[in-house]
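What follows is a set of notes on a single structure, which appears directly below.
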There are 2 protein chains.
Amino acid sequence: MSSSTARPVCILGLGLIGGSLLRRLADDGHRAYGYNRSTTTVTEATAAGYDATGDLSAVLARAADEDAIVVLATPVPALAAMVAAVAEHAPSCLLTDVVSVKTEVAAVVAAGHPGARYVGGHPMAGTAHSGWAATHSDLFVGAMWMVSTPDDVDPTDWRAVAELAHRAGAVVVPAADDAHDRAVAAISHNPHLTAAVTAAVGAGESGLALRLAAGSFRDGTRVAGTAPELQRAMLEGNAMALLNTLNETIDRLVAARDQLRDHGSVEVLVADGHRARRRYEEVAAAQVPITEVTIGADGWAAELRRQAHLGRIWLPVDGN
Amino acid sequence: MSSSTARPVCILGLGLIGGSLLRRLADDGHRAYGYNRSTTTVTEATAAGYDATGDLSAVLARAADEDAIVVLATPVPALAAMVAAVAEHAPSCLLTDVVSVKTEVAAVVAAGHPGARYVGGHPMAGTAHSGWAATHSDLFVGAMWMVSTPDDVDPTDWRAVAELAHRAGAVVVPAADDAHDRAVAAISHNPHLTAAVTAAVGAGESGLALRLAAGSFRDGTRVAGTAPELQRAMLEGNAMALLNTLNETIDRLVAARDQLRDHGSVEVLVADGHRARRRYEEVAAAQVPITEVTIGADGWAAELRRQAHLGRIWLPVDGN
């Protein structure tokens, strides 16, 4: 596809995710521009050669004029104000987002801009560092990028958002919002809690323990170093799904504790964990594409979701 | 120090740890040789230019003749047989080990060779891959190497073992056996269980979840990929200490679950984990040496242990 003729992209929020998306699209010669509330960020982005502004109404008026895709890329607490501005200044633009919890964002959009052409999205890309200073154009290369795929989504809009993710270098994974939120509770939010408890228990023993800490502790606690307010916003926004995975975590650890106490064995948990890690490595190593689905054909969204549940990815192939 | 004139080292077991130690010492021009039960390993080590044999009595007779330091480097189940052979063929040699749980190894040595000149040791180096094929001479560079430091340890023998660890490229951390075992339960064995439960819960959700898994899952579950039998031998050999850290892990997760369920918040666990991770990073970044202890002076062992509990390391300085 020719980038220069594709629809422009207007990104609201130039932190790690939004800023990296702006870099990637602009570096590839695509028309892309962004808004950020902070003058410092706007100055930094502009100095780096990117098209950025602190004027929200103006950037949205431009987006409306150019029929741009508008990308919500602020933290959750700022979303409602962004959505209200979109509803006022660029109501007919295709709207997507790059924010973690999909049912939560969909609810904010539905409340503030009921008639929005909204297709949610979520790139699974790093959050340990934040802000414009942490942005880079390769952030999404090879990353999984969930695209909301409800039954009533417009096929043309869906494809535009999926192609945006693909253009960013990411791999498109179609999913329903609630299935996505359960999945990220299991493989992202719950791991933040287990990393936190691993760190707290390890550091509680003594300076000797932290002195002896090696790879298992370093890797197992890495995400506990993420800014607490970022972790809390992400995890607490997905409280219901996280409660389920946390309860399962506790149940499995209690069973392991009982087996260790009564039989001196950790066989079950170690075997389950090993099997699960091997399955993860298999899935990570193989990117099987979704096949035989024509976007817009009868039942296409349900079929995309079904195949994605098998671990497959969507590729923009001619004729899809 | 001149390596060529230092005491030779005889290593029993040429897996990841023992084999890497043999490589390191021999590559540095030090006299070092090893034994392994497996003909394949002996052939591989010999073909790579190292001095290795499958004849246990002969290698120990040579060690006795040359007053070598004998290093136990087999898995725990094979230790008793090794110790019996040392008692028979090289009873007066200085004996050390590189096996995980120190109270367990000390008990095996005390049972099979009551008069042994034994000073235990434990390098905190990787176990995810195993066998001679995984060995490399830099395995211990910068790694922490615990050296058993009970009150009644012989100062000359202690220094010889500490200097061996230092020659391997490691950083010496003096500790009592039971304190070491509690510490590794907290920062190594418990992280294996939290990695296992993180993997099992994540993989239990769906293929979609594993498809979306990114850095937090990859790093947080890495050690769950270690061979289950290696994990079980290590963890179950430290069952008492592990039971304590596992109970604390469960207690903290239950408290977090209650806070999440009743108040929609994960504040306490996320804050505790973040603080603990920061402390770990501070300890990892700063290697403060133990000061003003003369090895062999009155109360030297207790003072080494006291300072190591503050997170300090031992450096072989002239006059120590």
Checklist entry - Between copies, how close do the A:Gly204 label points come, placed 7 Å along Cα→Cβ, listed in nm from shortest? => result 2.2
Checklist entry - What FRET efficiency would be calculated for the residue pair A:Ser57, A:Ala110, taking the C-beta separation as r and a Förster radius of 25 Å, to the nearest 0.05? => result 0.65
Item to check | For A:Arg31, distant residues with modelled amide H under 5 Å away | outcome: none
Next on the checklist: Given the -39500 (n - 2.57) contribution per DSSP H run of 4+ residues, what per-residue ellipticity at 222 nm results for the protein assembly as shown, rounded to the nearest 500 deg cm²/dmol?
Outcome noted: -16000 deg cm²/dmol
Checklist outcome for this item: Quick note, segment B:7-80: a/c under 1.5 would make it rounded; otherwise a/b > b/c is prolate and the rest oblate (a ≥ b ≥ c, C-alpha gyration tensor); here it is rounded
Checklist outcome for this item: For segment B:181-285, the percent of accessible surface on carbon and sulfur atoms (probe 1.4 angstrom, ligands and nucleic acids excluded) is 49 percent
Next on the checklist: Given Cβ point charges of +1 (Lys, Arg) and -1 (Asp, Glu) and nothing else, what value in debye, to the nearest 20, does the dipole of segment B:181-285 about its Cα centre take?
Outcome noted: 240 debye
Checklist entry - What is the sum of charges around B:Tyr50, taking Lys and Arg as +1, Asp and Glu as -1, for the other residues whose C-beta is under 14 Å from the C-beta of B:Tyr50? => result -1
Item to check | Average beta-carbon neighbours from other chains, 10 Å sphere, peptide B:155-166 | outcome: 0
Checklist entry - Taking the label point as lying 7 angstrom from Cα along the Cα-to-Cβ axis, what are the distances from B:Asp298 to the corresponding position in the remaining copies, in ascending order and in nanometres? => result 9.6
Checklist entry - Karplus couplings for segment B:25-36 from phi (6.51 cos²θ - 1.76 cosθ + 1.60, θ = phi - 60°), rounded to Hz, Gly and Pro as x? => result 5, 5, 4, 8, x, 8, 6, 8, 8, x, 10, 9
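For a Förster distance of 25 Å, can you work out the FRET efficiency between the beta-carbons of A:Glu281 and A:Asn247, rounded to the nearest 0.05?
0.40
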Checklist entry - For B:His263 and B:Asp27, FRET efficiency with R0 = 60 Å and r from the beta-carbon atoms, rounded to 0.05? => result 0.55
Item to check | Selection from B:Gly112, B:Ala224, B:Val42 lying farthest towards where the dipole of the protein assembly as shown points positive, charges on Cβ | outcome: B:Val42
Checklist outcome for this item: Diffing segment B:78-89: the Karplus 3J(HN,Hα) column from phi (6.51, -1.76, 1.60, θ = phi - 60°), in whole Hz with x for Gly and Pro, holds 8, 4, 4, 5, 5, 5, 4, 5, 4, 4, 7, 9
Item to check | Accessible solvent surface per residue of the protein assembly as shown, calculated while the other protein chains remain in place, 1.4 angstrom probe, Å² | outcome: 38 Å²
Checklist outcome for this item: Note, A:Met240: beta-carbon cut-off 15 Å, +1 each Lys/Arg, -1 each Asp/Glu, net -4
Checklist entry - In peptide B:279-288, how many Cβ atoms from other protein chains are near each Cβ within 10 Å, on average? => result 4
Next on the checklist: Just to confirm my numbers, what's the Cα centroid distance between segment B:290-314 and segment A:227-284 in Å?
Outcome noted: 39 Å
Checklist outcome for this item: at B:Arg261 the sorted inter-copy label distances (label 7 Å from Cα on Cβ side), in nanometres, are 1.9
Checklist entry - In Å², nearest 100, what accessible area do chains B and A bury in total when the solvent probe is 1.4 Å? => result 8300 Å²
Next on the checklist: So if I place +1 on the C-beta of Lys and Arg and -1 on the C-beta of Asp and Glu, and nothing else carries charge, what would the dipole magnitude of chain A be about its Cα centre? I want it in debye, nearest 20.
Outcome noted: 800 debye
Next on the checklist: Show me, for segment B:187-195, the HN-Hα J-couplings you get by feeding each phi into the Karplus relation (A = 6.51, B = -1.76, C = 1.60, θ = phi - 60°), rounded to Hz, glycine and proline as x.
Outcome noted: 10, 10, 6, 4, x, 5, 6, 5, 5
Next on the checklist: Heavy atoms of the protein only, probe of 1.4 Å, neighbouring chains included. What is the accessible area of A:Ser148 in Å², nearest 10?
Outcome noted: 10 Å²
Checklist outcome for this item: Env charge @ A:Gly225, Cβ radius under 12 Å, K,R +1 / D,E -1, value +2
Item to check | For chain B: relative contact order, % (alpha-carbon pairs under 8 angstrom, 6 or more apart) | outcome: 15 percent
Checklist outcome for this item: At the level of C-alpha centres, the distance separating segment B:72-130 and segment A:95-128, in angstrom, is 58 Å
Checklist outcome for this item: Mean other chain Cβ within 10 Å across B:234-246 is 4
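The values are calculated or read from the model by the stated rules, or taken from the named source; none is laboratory data. This structure is a prediction, so every number in the text was calculated from the model and none was measured. Note: ideal-geometry Cβ built from the backbone for every residue, glycine included; neighbour counts use all protein chains shown. All accessible areas refer to the heavy atoms of the entire protein, side chains included, with ligands and DNA or RNA removed. Shrake-Rupley method; radii C 1.70, N 1.55, O 1.52, S 1.80 Å.
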